[in-house]
1. Which members of the stretch 32-71 meet the condition of being surrounded by 13 or more Cβ atoms within 10 Å (Cβ to Cβ), among the acidic types (Asp, Glu) and out of contact with any helix residue (DSSP H, G or I) (no Cβ under 7 Å at 6 or more places or on another chain)?
2. Checking the condition more than 16 Å from THR187 (Cβ to Cβ), at pLDDT below 95 and aliphatic (A, V, I, L, M), which residue from LEU65, LEU53, LEU48, LEU30 passes?
3. Is it fair to say ALA29 is of a type in the set (A, V, I, L, M, F, W, C), out of contact with any strand residue (DSSP E or B) (no Cβ under 9 Å at 6 or more places or on another chain), in a helix (DSSP H, G or I) and open to solvent by 30 Å² or more (accessible area, probe 1.4 Å)?
4. May I ask you to list the residues in the stretch 12-26 that are open to solvent by 10 Å² or more (accessible area, probe 1.4 Å) and closer than 19 Å to SER246 by Cβ?
5. Read through the list (1) surrounded by fewer than 18 Cβ atoms within 10 Å (Cβ to Cβ); (2) within 23 Å of GLY54 (Cα to Cα), then give the number of the only condition that LYS176 fails.
6. Are any of the residues in the stretch 99-111 open to solvent by less than 50 Å² (accessible area, probe 1.4 Å), polar (S, T, N, Q) and under 30 Å from THR235 (Cα atoms)?
7. Restricting to the stretch 189-214, give me the number of residues that are open to solvent by less than 80 Å² (accessible area, probe 1.4 Å) and either in contact (Cβ under 8 Å) with a residue 40 or more places away in the chain or among the hydrophobic types (A, V, I, L, M, F, W, C) (or both).
8. Do we have any residue at all in the stretch 112-134 that's surrounded by 17 or more Cβ atoms within 10 Å (Cβ to Cβ), outside any strand (DSSP E or B) and in contact (Cβ under 8 Å) with a residue 60 or more places away in the chain?
Amino acid sequence: MSPANGPKPHAVEGGTLHRLSVSQLRKFALCERAWFFAKVLRLPERPLKARDLGTAVHAQLEHYLRTGEDVLGAIAAAGKHLLPVAGPDLLVEEHFGQPSPLFADCIPLTGYIDLVNPRRLAEGVLRVTDHKTTKSIASYAATPEQLASAAHDAGIQMVGYGYWAVLASERFPGLKTLELEHLYFQTHGARLARSVVATVSVEHVRDEWHTHVEPVAHRMRDVARATSPSQVKPTWSACQKYGGCSFQAQCLNSQSQGSKPMALMDRILKPQPSPAQPAVSVPVTPPPMPAQAAPELELAAVLPPDAPKSNPALASVPAPEQSAQAASDEAPRRKRRTKAEMEAARAAEYTRPAEDSLSLYVDCVPNCPAEPLAGYLGRMVAKIEQECGVVDIRVAPNDSPLAYGKWKGVLAATIRAEPPEPGTYAALGVAGSELMQVAVEALEPLCGTGHFVRGVR
C-alpha cells in the first residue's frame, strides 16, 4: 500500500477538485477563503517556527516507533511513557493506499496516519493516533467530545482516520470499536505530554462522516470553481487561529476590491429621490460639513459578509423636508457657487487619512488596503511572554506579574509604549479574542478623530 512514485498532482486543476485530504477538510471547515488561497490560487503559506518544530518532533517519534532506537529530544521524550513499545506490528506513518478506500462526495482522500495500533484487534479495538505539538496543552488540547465529532475541525481529522480503518476492513477484521487519540507534546514551558482519547463505534464514525463531511466536500467542489477570492466566504473569527492565517493581507485587499461597495460619500453627495416623495425642484446647496467629520465619512467600511444585518442611520443627512425648507430660507442670503467651486470644496472636505496617521478598522473591512493587526499583536504578546518567561500570558502562573488578569494591563501598556507604525490596520474576530479586545481598547485613543471605525452589529 505504498504511494505511487512521481510528482503528486495538484488538488484543484481547472476549477475541478480531484483529490482531498483531512488537512484540506479541516482548513476548509475553518475558513473557506483560506482554502481557496492555498489550493485554488496556490499561494505559498508563510513558514512558521512552530510548524518546523512539529515536523522535527514527528520525525523523532516515527524513528523511535519504527526501530525502537531512542532518538527522542526533550519535547518528545516527555511523552515516551504514553507511546506503545516499538514493534513491526505497529503501522507508523501509514498511507491511505493507492487507490484509497476513503471518499467524500466521490472525491478520493489521500494522506498518512501517524500511528495505527492493532494490538487489541482480537478484542475488536483499534487505536488510531495523531501526534500533536502545541504551545500549551491546557489552552489548546481538544476534548474527547471534539475528537468524536466531525462537526469540529479536530474531529474531522480523527473521524476520517477512523472511517478509513472501517473501509479497510480486510486489514482490520473484527473491528468494532475505535480509539481516536490525540497525543499532545508541549513545546513551551514545562515538558508535558497528554493523551486525549475518544472511544467510538464503527457505526458512529460512519454516521459522522456522511452527516458532516460529505456536505463539506460538496461545498468544496463549488468553491473550486470560483475565479476570485471575493466570491468565497471568509470566516473572520479564524484569522488568528493556529499561529494566524497566512493570507490575511490578501483577504482584506480582495474584500475591499471585490465587493466594490457604494461609498458613504457618494450616498450623501448623490442622493436618490424616494419613490414616495417627488424630487424637490428648488436647487439646494448643502451646508458645509464640519472639518472634523470629513475623515469619518471617507473611512466608510463594509461589514464582513457573515455579520448580522444592521440598519445604521446617517445622522449627518437632514430629512428631505428639512433640507428643502433650509434651502428656501438660505437661498436669498447666499450666493450660489459655481460647479468648479463646489467640486473643490467637496475634494477638500473628503480627504483620506494622512499617511503618518494610525487608522484602525474593528470587525469591518475597509475600502482601502489595510494590514491585519494580528501580526503586530502577535509580536507584542511574544515579547511579553519572553520577558516574563511564560508560555501564554493569559494563563501565567500565580507568582507571575501577569497572573490574575494583570496581563491585560501589561499588554495595554506595552502597546501604548510601542504602537504600530502609522498606517491602516484591520482587527477582525475581536469578539472571540481577549488579546485583540485589549489591543483595540489600547489603540483607540491613539487613532484620533475619524481614524477609528467599528463595525455596526
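The values are calculated or read from the model by the stated rules, or taken from the named source; none is laboratory data. Bear in mind that the values here come from a model prediction, so they are computed numbers and not experimental data. Note that each Cβ is placed from the backbone with ideal geometry, even for glycine, and that neighbours are counted across all protein chains shown. Side chains are part of the model used for accessible areas, which takes the heavy atoms of the whole protein and leaves out ligands, DNA and RNA. Shrake-Rupley method; radii C 1.70, N 1.55, O 1.52, S 1.80 Å.
1. Scanning the stretch 32-71 gives a single hit, GLU62.
2. Every option except LEU30 fails the conditions.
3. The answer is yes for ALA29.
4. The answer is SER21, SER23, ARG26.
5. Here LYS176 meets the rest and fails (2).
6. yes
7. Of the residues in that region, 16 qualify.
8. no
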